[in-house]
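The values are calculated or read from the model by the stated rules, or taken from the named source; none is laboratory data. It should be emphasised that the depicted structure is a prediction, and the values quoted were computed from it without experimental measurement. Reconstructed Cβ throughout: ideal geometry from the backbone, glycine too, with neighbour counts over all protein chains shown. Accessible surface areas use protein heavy atoms only, side chains included; no ligands, DNA or RNA. Shrake-Rupley method; radii C 1.70, N 1.55, O 1.52, S 1.80 Å.
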Amino acid sequence: MIWRFGLFDGTFEPLASTHWALVAALGLPLLLGMLAARLPPRQAWPVLLASVPVLASGLMLLSAYDQAGPLRWQWDIAGIQLSLRLNGLSVLMLLMTQVIGVAAALYTPGYLRLSEPGPLSRWLWPLMGVVLSTLSLIWLATDLLTLYAALELMGLAAVGMLMLSAKASALVAGMRYLLLALVGSLTYLLGVALILGHWGRLDLPGLAEVVEPGPVAWFAAALIGAGLALKAALFPLHAWLTPVHESAWTPVSALHAALVVKASLFILLQLWSILLPDAFYAPRVIAWLGMLAIVWGGLLAWRTDSLKTLVASSTVAQLGYLMVVFPLLLGPDVAPLSRALAWDGFWLQLIGHAFAKAAMFMAAGNLMLATGESTLKGVAGTSRRMPLSLLVLGVAAVTLMGLPPSAGFTAKWLLLDAMVRSQQWWAIAALLIGSLLTAAYVFRLFRYSFYESAPHHHYQPLAPGMDLIALTLALAAFALGLLAHFPLTLLHGGGA
């Protein structure tokens, strides 16, 4: 499966113009974030103007890939070889990151102006820039050293963003998250050290040629898998996720749930495709944990009375959908058609969830900001005054439930097709139960919001565009189901 990640030598030297697009994609978010810390924007239009070159760099890289195929950059620094590659999957993830990052940045000025967060708010901009730049680097990197550096910088910036509210609960949850992230980094680094000591390689294409199944590969995969699972909040290592979102600012939660946790999952699948090709037990363990995650996360979301806990617990369940696909992507004796269907469904589900979850956090944040309430009972009756926020929640929930014609429906259809062909009946049952649980907690939220006898709130007006930004993301997740051939075409050309 490594060819799907672009880990092979048959790539072309990029054109000079592509170098500038690469530098812009990796460096502009950080540079603009530092500038915004110096001159914090009070309106969305400066952010929109600054976002144009960022989005243009992604489109230029997409055009370069479309014209020349997979591209590769390589440098030798102090005897250490660093390399980046651009293939269909990486450019797709890069574009997803830029669009959601721009949406979160456009949402932020209005949110900060209404919530009055204090002097620490200016530091949100550079931290957001670090997160977006390092995420872009993770999608492109093909050596363990660059992946580790980007993962660490992203994790530290994410912790900083989550603690900016300076509430006591945020500091406690943030410190717990930091300690667990450092533990995850240590186990990941031990796995990398084992790989380097045994095979003497850090570049992923070179490792794919020399790695042989055996105890060293198994121990390295176990260490790396444990560290990345902790960072990605995969069940049962997810306990830190809900507390950090409870006190975090809305744009921070949107970025974290949509993008940050996906980076560790991306690295895990990429490295396990090298260390554990055609493994039998490890992917099945992940799949069984994914089935439990779907049920457990859905039950947590269904039982909670906190609006942000509902959305955060939903992330645990939605990540479970991706975990159950591991046997089809990495397991032995999987038919090529089933593996191809699973590959398409996995990434379409990940991208659809990213857009829908960012929209859902923004809509929930709008409800909390307008009403001053954070519980489901507290936002009862909001249908009278905030129909657009509820529409966003509804459209995003369509994707999470997997209803047609959303990206969630198309992705789950592909996954179910692959599972039926491979006779993964328990995984099929988990997906169906998860969809029912998603409907249960979503309709529970709507039951409260349409409660006509609820007391009338004093509503704080939202800044212009806050609901529209969230609606745009929700509609993007919805439209991906109808336009799935665009991302799937990139996935099919990922290494061919």
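Here are a few things to note about the model shown:
- Within the stretch 412-452, considering residues that are within 30 Å of residue 367 (Cβ to Cβ) and of a type in the set (Phe, Trp, Tyr), the one farthest from the chain's Cα centre (by Cα): 451
- A search for C-beta distances below 6 Å between a residue of the stretch 328-342 that is under 8 Å from residue 418 (Cα atoms) and any residue that is acidic (Asp, Glu), counting only pairs 6+ apart in sequence or on different chains, returns 341/417.
Conditions (1) under 14 Å from residue 257 (Cβ atoms); (2) at pLDDT 90 or above; (3) basic (Lys, Arg), marked per residue:
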{"residue": "274", "(1), (2), (3)": "no, yes, no"}
{"residue": "277", "(1), (2), (3)": "no, no, no"}
{"residue": "284", "(1), (2), (3)": "no, yes, yes"}
{"residue": "289", "(1), (2), (3)": "no, yes, no"}
{"residue": "293", "(1), (2), (3)": "no, yes, no"}
{"residue": "324", "(1), (2), (3)": "no, yes, no"}
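- Of 260, 285, 295, all but one fail to be aliphatic (A, V, I, L, M) and buried (at least 21 other Cβ atoms within 10 Å of the Cβ); the exception is 260.
- Extreme residue, farthest from residue 202 (Cα to Cα), among residues of the stretch 62-88 that are outside any strand (DSSP E or B) and touching a Leu at 6+ places or on another chain (Cβ under 6 Å): 65
- Among the conditions (1) assigned to a helix (DSSP H, G or I); (2) open to solvent by 10 Å² or more (accessible area, probe 1.4 Å); (3) small (Gly, Ala, Ser), residue 217 misses just one, which is (2).
- Members of the stretch 299-346 found to be under 18 Å from residue 374 (Cβ atoms), of a type in the set (Val, Ile, Thr) and surrounded by fewer than 24 Cβ atoms within 10 Å (Cβ to Cβ), listed by number: 304, 309
- Residue within the stretch 118-135 that is without any contact (Cβ under 8 Å) to a residue 40 or more places away in the chain and part of a loop (DSSP other than H, G, I, E, B) present: no
- Candidate set from the stretch 347-388 (those that are under 22 Å from the mean Cα position of the chain (by Cα) and over 30 Å from residue 88 (Cβ atoms)); member that is surrounded by the most Cβ atoms within 10 Å (Cβ to Cβ): 363
- The stretch 275-298 residues that are closer than 13 Å to residue 325 by Cβ and in contact (Cβ under 8 Å) with a residue 12 or more places away in the chain, paired with ones that are of a type in the set (Gly, Ala, Ser) and crowded, with 16+ Cβ neighbours inside 10 Å (beta carbon under 6 Å, 6 or more apart): 283/331; 290/320; 291/430; 293/320; 294/317; 294/320; 294/430; 294/434
- Pairs, first in contact (Cβ under 8 Å) with a residue 12 or more places away in the chain and under 21 Å from residue 327 (Cβ atoms) in the stretch 401-421, second open to solvent by 10 Å² or more (accessible area, probe 1.4 Å) and among the basic types (Lys, Arg), C-beta under 6 Å, six or more apart: 402/412
- Test: residue in the stretch 190-198 that is surrounded by fewer than 22 Cβ atoms within 10 Å (Cβ to Cβ), over 20 Å from residue 136 (Cα atoms), of a type in the set (Gly, Ala, Ser) and at pLDDT below 90: no
- Residue check, residue 105 at pLDDT below 90 and either open to solvent by less than 30 Å² (accessible area, probe 1.4 Å) or in a strand (DSSP E or B) (or both): no
- The numbered conditions (1) farther than 11 Å from residue 255 by Cα; (2) open to solvent by 10 Å² or more (accessible area, probe 1.4 Å); (3) β-branched (Val, Ile, Thr) are all true for residue 138 except (2).
- Any chance residue 51 is over 22 Å from residue 356 (Cα atoms) and of a type in the set (S, T, N, Q): no
- Close Cβ contacts (under 7 Å, 6 or more residues apart or on different chains) running from residues in the stretch 35-50 that are under 15 Å from residue 110 (Cα atoms) to residues that are at pLDDT 90 or above and of a type in the set (Val, Ile, Thr) comprise 41/47.
- Qualifying residue in the stretch 230-245 (condition: open to solvent by less than 10 Å² (accessible area, probe 1.4 Å), under 20 Å from residue 179 (Cβ atoms) and in contact with a Phe, Trp or Tyr (Cβ under 6 Å, 6 or more places away or on another chain)): yes
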